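Structure, as structure tokens:
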Amino acid sequence: MKKLTVTALLLALSAAGCADMSETQRGTATGAGVGAGIGAILGAATGNGGGGRALGGAAIGGAIGAVTGNVWSNHMENQKRAMQQAAKGTGVEVTQTADNRLKLEIPSDISFDIGRADIKPNLRPVLDRFAATLAENEATVITIIGHTDNTGSDAINDPLSRERAIRTRDYLSTRGVSPSRFSVEGHGSHEPLAANNSDANRARNRRVEIFVAEPQQH
């Protein structure tokens with residue numbers, strides 16, 4: 001099983017680690033590599049068949065992974081540039097992730113007050129511009145994740161973080177973005193950016209993250 005696990009990991013790394021690939025190819029290869037690794041492990045774990053079954057699982061897993069890879073298209077690049085321009089001076093960070101998603105990280109000083117889920121007025125122009133860029137590429141899907149600091153219990157923070165994500169989704173929906181394109185999550189205080197040991201750090205942890213992905217089509 002150890003040999004098989006190593007083989008699966010090598011398959012994943014070899015698919016995902018090609019430095020000379022384009023961004024689109026890298027997104028697809030990352031998905032294929034991870035899928036191949038998981039497929040190989042599952043192929044061996046689900047019955048007798050040794051290496052042949054592992055390779056079969058890797059092929060199936062790789063195909064699934066490739067389908068779930070993300071494209072970094074001209075639309076995505078243009079959206080990133082538009083959002084960087086719109087967010088300039090606001091504290092909102094706009095980046096491209098390793099798996100070819102556009103990420104907006106919105107800090108608490110422009111998004112939400114402590115213990116509240118109401119969107120603050122100075123966030124609205126950023127979300128307005130964001131909604132306009134989403135309308136230009138309807139092939140994308142959006143994930144919104146809310147976070148809190150560790151003030152209060154999980155019973156308070158978990159639903160509060162999700163409510164912040166929901167309010168952000170609802171605002172964007174009023175600007176013409178279809179609700180069917182969204183998924184929302186609340187991670188409470190479980191994924192801090194910094195230790196919750198000062199007011200400044202707790203403010204960093206109260207945030208909303210928005211991810212935009214253009215899934216690879218086959």
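The values are calculated or read from the model by the stated rules, or taken from the named source; none is laboratory data. These figures come from a predicted structure and were not determined experimentally. Cβ: placed from backbone, ideal geometry, glycine included. Neighbour counts: every protein chain shown. Side chains are part of the model used for accessible areas, which takes the heavy atoms of the whole protein and leaves out ligands, DNA and RNA. Shrake-Rupley method; radii C 1.70, N 1.55, O 1.52, S 1.80 Å.
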Solvent-accessible ranking of GLU77, GLU138, GLU214, GLU185, largest area first, probe 1.4 Å: GLU138, GLU185, GLU77, GLU214
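Tell me, what is the FRET efficiency for SER153 and ARG81 to the nearest 0.05, using R0 = 45 angstrom and their Cβ-Cβ distance as r?
Values: r = 41 Å, r/R0 = 0.92.
Between SER153 and ARG81 the formula returns 0.60.
Shape of the range 104-218 from its Cα gyration tensor (a ≥ b ≥ c, root eigenvalues): rounded if a/c is under 1.5, otherwise prolate when a/b > b/c, or oblate? Numbers along the way, then the final one.
On the way: a/c = 2.13, a/b = 1.76, b/c = 1.21.
Taking the square roots of the gyration eigenvalues as a ≥ b ≥ c, the range 104-218 is prolate.
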Apportionment of accessible area to carbon and sulfur, the range 138-218, percent (1.4 Å): 49
Accessible area in square angstrom per residue, the range 92-218, 1.4 angstrom probe: 46
Neighbour-limited loop hits for trypsin sites (Lys or Arg not before Pro), the range 183-215 (at most 10 other Cβ within 10 Å; DSSP other than H, G, I, E, B): none
Distance from the range 160-218 to the range 97-117 (C-alpha centre basis), Å: 6
Sites GLN217 and HIS190, calculated FRET efficiency, Cβ-Cβ separation with R0 30 Å, nearest 0.05: 0.35
Interchain or long-range residues, amide H under 5 Å from GLU93's placed H: GLU105
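Subtract the Cα-Cα distance of LYS88 and ILE114 from 0.36 nm times their separation in residues, and report this length gain in nm to one decimal.
Gain in length upon complete extension: 7.0 nm.
Based on the alpha-carbon gyration tensor of the range 128-174 and its eigenvalue square roots a ≥ b ≥ c, which shape applies: rounded if a/c is under 1.5, prolate if not and a/b is larger than b/c, or oblate? It would help to have the intermediate numbers written out before the result.
Values: a/c = 3.51, a/b = 2.97, b/c = 1.18.
Taking the square roots of the gyration eigenvalues as a ≥ b ≥ c, the range 128-174 is prolate.
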